[in-house]
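The structure under discussion appears below in the form of structure tokens.
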């Protein structure tokens, strides 16, 4: 049996026990999030209702999330960047929440190291990036310094974890 960590409403993590059926649901939906429950059930020799219940439990507990992934470049966003941000310590959470609310932000993490935050962003063009940096991002109180890393070419981009059934935490 494998264990996945979940965060509850209080922000504390706790283990979620996953059996082989749970792992196979996750593996299957990782390959194709549109796979019908009936197809998964048939492959595993269980009822469709059981797969539906397991899926609902996995999503409710935060272990699984099935989403559509879009390609920003094909949607007219020709400029992508990662921005490293240094923040006044007392304002870290507040600054992160304000940045997360900006529509151009597609990924934001609090980090340990030279930067307090890393923010991945997408823009229509360089003019849009300039407007974002000068008129929106740098006006947020608590930001001390930013450094923008322009993407020249994306060599690898995946949205799934390695096969969780092959390792134990």
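Side notes on the structure shown:
- Footprinting exposure proxy ranking of 116, 125, fewest other C-beta atoms within 10 angstrom first, gives 125, 116.
- Ranked by how many other Cβ atoms sit within 10 Å of their own Cβ, fewest first, the residues 30, 86, 60, 153 fall in the order 153, 60, 86, 30.
- Along its principal axes, region 72-150 has C-alpha extents of 38, 23, 19 angstrom, given from the largest down.
- Against the chain, whose longest principal axis is taken from its Cα atoms, helix 48-60 shows a tilt of about 30°.
- The modelled label-to-label distance for the pair residue 91/residue 78, using points 7 Å beyond Cα in the direction of Cβ, is 3.4 nm.
- Spherically averaged projected area in nm², based on the convex hull that wraps the Cα atoms of the chain: 12.3
- The chain: angle of helix 20-31 to the longest principal axis, Cα-based, in degrees nearest 10: 50
Each value in this text was obtained by applying a stated rule to the coordinates, not by laboratory testing. Quick caveat, the model's predicted, so the values are computed rather than measured. With ideal geometry, Cβ positions are generated from the backbone for all residues, glycine too; neighbour counts draw on all protein chains shown.
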